[in-house]
Amino acid sequence: MQNRSNILLFLSGLLPISLCVAAGIGAYQILPWRIPRILLFHEDGFEVLIYVRFPRVILATIVGAALAISGATLQGIFRNPLADPGLIGVTAGAGLGAAIWIVLFGGGFLGIWGVPVAAFTGGILVTIGVWTIAQTQERVPTLTLLLAGIALNSFAGAGIGLMTFLADEEQLRSLTFWLLGGFGGATWRAIAVTLPIAIIGAVVLFRLARALNAMSLGESEAYHLGVSTETLKRWAVFGVALAVGAAVSAAGGIGFVGLIVPHLLRLIGGADHRYVLPGSAIGGAALLVTADLFARTVAIPAELPVGVVTALLGGPFFLWLLLRFKREVVHG
Amino acid sequence: MVELEQVGYRTGQKWVVRDINLKVEPRQFWMIVGPNGAGKSTLLRLISGELTPQMGRIRLFGRDISSYSAQQMARLRAYLQQKREVNFPFRALEIVLLGRYPHLNGSKETADDWAIARKCMEQVEADAFTERLYTTLSGGEASRVDLARILAQEPRLFLSDEPTNHLDPRHQVQTLDLCRSIARSGKSVIAAIHDLNLASMYADKVLILRDGNAVTAGSPETVFTPEQLESVYDLPFETLHSSSGRTVITPLAPTPQ
């Protein structure tokens with residue numbers, strides 16, 4: 001128990017450090033320990049920090065935290081360590097929403113808000129679709145929720161494919177860029193919209209931690225321990241839809257953060273969701289800030305999409321996970 | 001304490017159990033026996049509130065079962081299931097502590113809750129592996145940890161589906177001793193079981209199910225007759241009297257032609 005508080009404490013200390021380091025590094029170098037002085041006395045670099053770096057690292061923090069908590073929650077609900085925040089359709093739906101907006105409305109009348117709003121709407125609509133399809137008369141069985149998610153995910157994927165086919169060069173470029181994800185367009189205004197939605201989602205999910213522990217024994221065991229499992233699932237899907245919807249609308253599709261981070265936390269401190277959820281939030285934030293730092297500095301002045309960086313990190317990790325499970329199956 | 005009146009449950013058109021009447025009093029240890037697919041688990045899940053009967057009614061402690069919330073139910077009854085699968089690295093003690101869930105009301109576990117969990121692990125001789133990961137325990141060890149979790153829930157009604165599954169003879173006897181002492185302390189225990197000899201050794205009352213119907217109910221001596229068992233299992237049985245004075249029930253393999 002003490003061990004877990006220490007891990008959380010350590011991570012909470014790590015996050016501000018990685019934020020400052022990431023805010024300092026870039027085409028215009030700022031030493032991390034000079035940041036407080038620059039902010040206080042408006043020294044050189046003030047504008048870069050305030051208008052470019054801080055919005056970017058803060059948005060990455062929000063998105064990383066939202067994705068990781070959502071991944072941890074869905075892994076708990078599905079009792080499957082390989083569940084990912086996109087499983088209930090939010091990510092694919094958001095992608096479809098963004099694709100339709102970019103291709104059919106050519107950027108449209110909402111200006112810079114058009115794509116995020118379309119993405120958020122698409123994500124929520126597809127999630128509602130998954131939930132509705134999975135529903136039987138009195139309950140939403142986890143298995144049908146999973147299957148409905150897979151079905152609508154591939155359906156939305158096909159829609160994105162169709163939009164890609166219809167797109168002209170220019171649209172194709174912005175669509176691809178959006179789908180790969182990134183924080184190039186981070187602004188304070190984007191944060192002002194994303195943060196409240198992500199916080200509502202996160203607060204909803206944090207409150208489920210204890211029930212998710214009971215759920216680890218299985219849905220029926222959780223019921224026998226007094227968990228209202230249908231209510232739990234409804235809140236979980238609601239919270240994930242908000243958190244992931246906000247994250248994806250602001251930064252595009254960023255994979256693997258929601259899958260990897262909860263695992264790392266369980267690996268070092270065990271499975272209690274009261275520790276895994278907050279730990280994932282901080283860990284996901286730190287990981288995505290670091291991945292974004294890597295994405296924008298590795299090929300200055302060009303920028304890699306951050307989704308590519310997380311996938312490059314995540315792919316091998318996933319493989320390692322698989323090999324580890326395989327070993328357990330063989331020897332267990 | 002537990003009353004079933006004309007209870008029936010069906011999936012699709014098939015009645016899994018039907019016309020079940022049962023009255024379980026405090027201090028009674030009931031065992032349900034019957035062939036595979038007789039409806040033993042379904043009956044337990046109906047009494048636990050997990051399934052809702054389409055026919056008849058179930059009353060727990062004087063109130064209709066549907067009038068209880070999930071949390072209220074969890075404080076009244078616990079259910080030990082056959083299959084358990086945990087995919088995350090929880091320690092054994094954490095699993096037992098989950099038994100305190102219905103008593104927490106959303107707050108953190110107190111020192112009392114921890115003490116109860118540890119005491120329950122000692123009771124089932126599982127205290128040697130409190131810190132082990134549940135996923136690394138053997139079938140029998142995991143069963144004992146789950147039994148400890150049920151004890152930590154401190155219910156008035158214990159339901160158990162094959163509590164002796166995966167256990168070696170010593171722990172089978174120990175588990176049933178424990179069930180009996182729980183019953184003697186004023187609670188009710190209902191367990192589904194396949195081993196007829198354990199049933200006749202421990203049960204106060206036995207309910208025999210076949211094809212979803214209650215064939216008979218009563219004390220083990222009265223219901224476990226070779227004729228009755230043959231009609232239920234389609235297999236001849238013999239009762240032997242051992243030198244220690246016990247009655248032993250054994251199935252007779254059909255003689256080869």
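Values in this text are rule-based calculations from the coordinates and carry no lab data. Everything numeric here is computed off the predicted structure, so don't read it as measured data. So basically every Cβ, Gly included, is an ideal-geometry build from the backbone, and we count neighbours across all protein chains shown.
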Among A:Val248, A:Val298, A:Val63, whose mean-square fluctuation peaks in a Gaussian network model of chain A (Cα, cutoff 10 Å)? A:Val298
Under 8 Å for C-alpha pairs, at least 6 residues apart: give me the relative contact order for chain B, rounded to a whole percent. 25 percent
For a test of the definition: using alpha carbon positions, the gyration tensor, and the 1.5 limit on a/c, classify chain A as rounded, prolate or oblate. oblate
Pick out, from A:Pro32, A:Ser18, A:Asn6, the residue whose Cα sits farthest towards the positive end of the charge dipole of the range A:1-74, with +1 on the Cβ of Lys and Arg and -1 on the Cβ of Asp and Glu. A:Asn6
Flagged as over-length at 25 Å C-alpha distance, from B:Lys40/B:Lys187; A:Lys233/B:Lys14; B:Lys23/B:Lys119; B:Lys108/B:Lys187; B:Lys40/B:Lys119, the pairs are A:Lys233/B:Lys14; B:Lys23/B:Lys119; B:Lys108/B:Lys187; B:Lys40/B:Lys119
Based on a Kirkwood Rh over C-alpha pairs, give the Stokes-Einstein translational diffusion coefficient of the range B:48-164 at 20 °C and viscosity 1.002 mPa s in µm²/s. 142 µm²/s
Simple spin-label model, 7 Å along Cα-to-Cβ: B:Glu122 to A:Val203 in nm? 4.4 nm
Could you pull out the trypsin sites (Lys or Arg not before Pro) across the range B:81-144 that fall in loop regions by DSSP (anything but H, G, I, E, B) with no more than 14 other Cβ atoms inside 10 Å? B:Lys83, B:Lys108
What does the charge dipole of the range A:181-298 about its Cα centre add up to, to the nearest 20 debye, if the Cβ of each Lys and Arg holds +1 and the Cβ of each Asp and Glu holds -1? 220 debye
Can you tell me the Rg and Dmax of the range B:1-112, counting just the alpha carbons, in angstroms? 16.4, 50
Suppose R0 equals 35 Å. What FRET efficiency, 1/(1 + (r/R0)^6) with r the Cβ-Cβ distance, do A:Leu40 and A:Thr297 give to the nearest 0.05? 0.85
Where does the Debye-calculated log10 I(q)/I(0) of the protein assembly as shown sit at q = 0.08 Å⁻¹, using only Cα point scatterers of equal weight, no solvent? -0.66
The relative contact order of the range A:61-123, taking Cα pairs under 8 Å that sit 6 or more residues apart, comes to a percentage of 30 percent
Dipole magnitude of the range B:92-194 about its Cα centre (Cβ charges: Lys, Arg +1; Asp, Glu -1), debye to nearest 20: 320 debye
On C-alpha positions alone, give me the angle between the axis of helix B:139-152 and the longest principal axis of chain B, in degrees, nearest 10. 70 degrees
What GluC sites (Glu not before Pro) in the range A:122-184 are in a loop by DSSP, with at most 10 other Cβ atoms within 10 Å of the Cβ? A:Glu138
What does the convex hull of the Cα atoms of the range A:118-236 come to per residue, in Å³, rounded to a whole number? 131 Å³
Can you classify the range A:240-332 as rounded, prolate or oblate using the Cα gyration tensor, where a ≥ b ≥ c are the square roots of its eigenvalues, rounded means a/c under 1.5, and otherwise it's prolate if a/b beats b/c and oblate if not? oblate
Calculate the tail of P(r) for the range A:96-179: the fraction of all Cα-Cα distances greater than 20 Å, expressed in %. 40 percent
Within chain A, which whole H helices from DSSP have a Cα span along their axis of at least 27 Å and a mean Kyte-Doolittle hydropathy of -0.5 or more, if any? A:2-24, A:54-78, A:114-134, A:142-166, A:229-251, A:273-297, A:306-331
Once the Cβ-Cβ distance between B:Arg10 and A:Glu230 is put in as r, and R0 is 25 Å, what FRET efficiency do you end up with, to the nearest 0.05? 0.70
For B:Asp19, list long-range residues whose amide hydrogen, built 1.01 Å from N in the peptide plane, is under 5 Å from its own amide hydrogen. B:Val7, B:Gly8
Using the alpha-carbon centroid of each, what span in Å lies between the range A:129-202 and the range B:172-188? 54 Å
Projected area of chain B, taken from the Cα convex hull and averaged over every viewing direction, in nm²? 16.3 nm²
Ignoring everything except DSSP H segments at least 4 long, calculate the 222 nm mean residue ellipticity for chain A; use -39,500 (n - 2.57) per segment, divide by total residues, nearest 500. -25000 deg cm²/dmol
Cross-link candidates for B:Lys205: which aspartates and glutamates have Cα within less than 13 Å, leaving aside residues fewer than 8 places away along the same chain? B:Glu25, B:Glu221
Segment B:Trp114-B:Asn21, extension gain: residue separation times 0.36 nm, minus the distance between their alpha carbons: 29.5 nm
